[in-house]
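Colleague: Here it is: the structure, laid out below.
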Amino acid sequence: MSGGEPEDGLPVWRLNQILLILQLRLESIMNDPDRESGIPVSWSVLHMYSTTQLAKLVAIKRGCDVELAAMIAAFHDVYSYHTGKWEDHGKLAKSYIIEIVSEYNDVWGNQLGLITGDEVKQIVKAIKDHSDKERVAKDRYAELLKDVDCLDSYLHGFEPTGSHLERVSRVFAELGFSKDENNFVL
């Protein structure tokens, strides 16, 4: 192939199974009357998938592990997905991540590859840090997640301000877009 085109598909089979587990869990709480969030589960599903796809693109651009970055994005609001609560959701996600990774490893790990303890630590670390969009994290996966989370909100029609706008503008410039008066353009 020429022009830097990928020759093989991305190695994301573990990610695809994690997304399936998350999807099934979200479907099971779709109409849960005890869920406290004003945000519908359907929005959570959309956000989970779109941040996951954006994370892949940004990870490719930044030379990060694509599947790991995408798993981080898939898991990043897992606490809120399950509880409907947003306060400290990144810091409270660890037990849900471990539970879902254990389920994946038990069912699919031997066939598709285990999600390792080091990968879980990286996932938890990035997610724990992602809500503080003003602070630049030392961890590149936490920064990637913060950027992708802001970009996804923008692409869903939310107007970015402050550090969110800075992140969206920076990622768009990184991806080769520029801003005219009204919009981002190639």
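Colleague: Which of (1) farther than 19 Å from GLU119 by Cβ; (2) within 11 Å of the chain's Cα centre (by Cα) is the odd one out, the single condition TYR81 does not satisfy?
Modeller: Condition not satisfied by TYR81: (2).
Colleague: Got a number for residues in region 151-170 being exposed (fewer than 15 other Cβ atoms within 10 Å of the Cβ) and not in a helix (DSSP H, G or I)?
Modeller: Final tally of qualifying residues: 5.
Colleague: Within region 86-118, can you find the residues that are at pLDDT below 95, of a type in the set (D, E, K, R) and surrounded by 13 or more Cβ atoms within 10 Å (Cβ to Cβ)?
Modeller: Answer for region 86-118, where residues must be at pLDDT below 95, of a type in the set (D, E, K, R) and surrounded by 13 or more Cβ atoms within 10 Å (Cβ to Cβ): just LYS91.
The values are calculated or read from the model by the stated rules, or taken from the named source; none is laboratory data. For clarity, every value in this text was computed on a predicted model and none was experimentally measured. We place every Cβ from the backbone using ideal geometry, glycine too, and count neighbours over all the protein chains shown.
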